[in-house]
Structures are given as C-alpha cells and as structure tokens.
Amino acid sequence: MATTMMLEQARAHLQQAQRIAVLTGAGISAESGIPTFRGAQGLWRNHRPEDLASPAAYARDPAMIWEWYLWRLEKVLHAQPNEAHYALVQLAQNKQLTLVTQNVDGLHTRAGSQAVLELHGNMTQSRCESCGNLDAIPHALLLEQRTIPHCSQCSQRARPNVVWFGENLPAAVLEHASEAFYHCDVALVIGTSGVVQPAASLALLAQDAGAVVIEINLEPTPLTARLDYALQTTASAGMRQLMAPPFIL
Ligand code: OAD
C-alpha cells in the first residue's frame, strides 16, 4: 500500500496536521533490542500472559514474577532509545503532539519526549501494595540480593508498577489519551499488534472522529485494512520516510 503516492499523501497530512496523537507498542522498541510480546521471538511465545502478567500469578509467586521483571528491566537499562523514539521528540517540536504508549520500558521519556501517557505503567518503578507510593527500582541491589522491593515510605511490599491482565488501566491516563485521539488531525500508530484493548481502539476512535490514521508496522495487523495509510516497514524507517526533507518542522 505504501506506494510513492500513498507515502507522499501521508507525509502531506502529517506536515499539515496541527494536532497529532501517537500510539506506540513494543515494535517501536524492537530496534533498541527490547523483545516484543507476540511473534516468533516474542515474550508470549513460550509463556502464557496470565502465568506472568496477572494479579493471580503475582499472588502465587511474587519472587518469580519479580525475577521476570528484573530480567526484562536489565535489558531495558542496557538499551538506548532508537531513531524512531527520537523522531517523535523532533515531531513534537512544532506540533501539538500527544504521545501514548503501551510500553513500560520508559524509552520515550529517556529519548526526551515530555508528558508521555503510559497506558500500561512503567517497569522501572515499583508501587507499594499498601500506600501506592512509587519508587525507582534499585535494580542491581535486587538482582544481587534476590529480594523483592519494599516501599521507601512505609516499608510494605511493593509490586511492579505495571498494568496486568485483568486490571484496569489508570483512568485519568486513558481519558487523556482518548481525548487526544478524538481531537487529533492525524493519528500515528507505530509498532503495535493492535489486539490489546482499550489501546487498540484509539486508532478507530480517531478515524471515526475524522482524523487521518497512519500505521507503521513490519506486518499487517487487524487494524491495517481499516486505516488510511499503512507503511509496512520498521518504526525507524517509517518515521524517516514520513519526516524526510523537505518535511518542514
Ligand atoms: P506486540 O508484541 O503484540 O506487537 C508488536 C508489533 O510490532 C507487531 O505487530 C510487530 O509486527 C511489530 N513490530 C515488530 N518489530 C517492529 C519494528 N522494528 N518496527 C515496527 N513494527 C515492529 O506488542 P504490543 O502491541 O505493544 O500488555 O502489545 C500490546 C500489549 O500486549 C503490551 O503492552 C503488553 C502485551 O501483553 C501488557 O502486558 C498488559
């Protein structure tokens, strides 16, 4: 679908847009070396999500769940944001851009994006099970001692600050994200399989409200056929194509 003409049209829409809403998924961090969830190398290839990312799994064996998150966190702490993360920072310089992510790796913020709406939480933090206080995870210490973190304020046990299957998304974050997609001129959907709700419905919310929706993904998704433009390529190549000169920021 991404013929030269299609690409030029998508570029023109992006260039002219004032309000842009962006949804990213694990695919945008794949080029930073962070594993995705679905697909041949995905985290869910060998594990059922409910065995590792659910309240029931944590209640059964908190130490095992923490070990899994610390393993993932180690990859994140050794990774760097990639060209696609940085392209979104650049795009926000003269557009009203709302960045919504399903990723818990914090790479958008590390790249320099402001006010990122993290729908599924942030893996670099722990959240007190008692008072809800957030702490940065002392990763090296935990790995060394093979312990699970406790709250810096009330000393109670803390869990990963992520949303698990069966849990609600943070209501205010979801509301803010929905508003941004409802009111945007262009929505960009980058590197998400589009199968986990409610994030997946944001693109259609934007389209139903009259926005142009552009997808960047290595593969077709359940959303592809319904969207206006689909660039079947990597997140970094897709952003490079969309923002190549003479794109004026
Ligand atoms: P998935 O792993 O489901 O999908 C990743 C998508 O990125 C796929 O559609 C790939 O084709 C695409 N992809 C892979 N590499 C890419 C690249 N270099 N450039 C562009 N696209 C690429 O990840 P998500 O859609 O983010 O939730 O998953 C959604 C949620 O399901 C996650 O937030 C997580 C998971 O279970 C929870 O843990 C609650």
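The values are calculated or read from the model by the stated rules, or taken from the named source; none is laboratory data. Note that the coordinates shown come from a computational prediction; the quantities given were computed from them, not determined experimentally. Cβ placement follows ideal geometry from the backbone for every residue including glycine, while neighbour counts extend to all protein chains displayed. Just so you know, the surface numbers come from the protein's heavy atoms only, side chains and all, with ligands and any DNA or RNA stripped out. Shrake-Rupley method; radii C 1.70, N 1.55, O 1.52, S 1.80 Å.
Values as computed for the structure displayed
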| item | result |
| --- | --- |
| Karplus-derived 3J(HN,Hα), 6.51/-1.76/1.60, for each residue of region 111-126, Hz, glycine and proline x | 6, x, 5, 9, 6, 5, 8, 8, 5, 10, x, 9, 6, 7, 10, 10 |
| Global form of the chain, assessed from the alpha-carbon gyration tensor, a/c cut-off 1.5 | prolate |
| Histogram of C-alpha separations across region 155-249, 10 Å bin width, % | 15, 38, 32, 11, 4, 0 |
| For the chain, accessible area per residue (1.4 Å probe, heavy atoms of protein chains only), Å² | 48 |
| Shape of region 208-249, Cα gyration tensor, a/c cut at 1.5 | oblate |
| Amide H contacts under 5 Å for residue 230, placed H, 5+ residues apart | 215 |
| Dipole axis of the chain (+1 Lys, Arg; -1 Asp, Glu on Cβ), positive-most option in 198, 30, 178 | 30 |
| Spherically averaged projected area of region 1-54 from its Cα convex hull (nm²) | 6.2 |
| Euclidean distance of C-alpha centroids, region 218-243 and region 34-88, integer Å | 24 |
| Estimated [θ] at 222 nm from DSSP helical runs (n ≥ 4, -39500 (n - 2.57)) normalised by residues in the chain, nearest 500 | -10500 deg cm²/dmol |
| Most to least packed among 113-121, 231-239 [average Cβ atoms within 10 Å] | 231-239, 113-121 |
| Surface share of carbon and sulfur [accessible, 1.4 angstrom probe, percent] for the chain | 52 |
| Within region 162-249, GluC sites (Glu not before Pro) in DSSP loop having at most 16 other beta-carbon neighbours inside 10 Å | 167 |
| Built amide H within the under 5 Å cut-off of residue 106, gap 5+ | 123 |
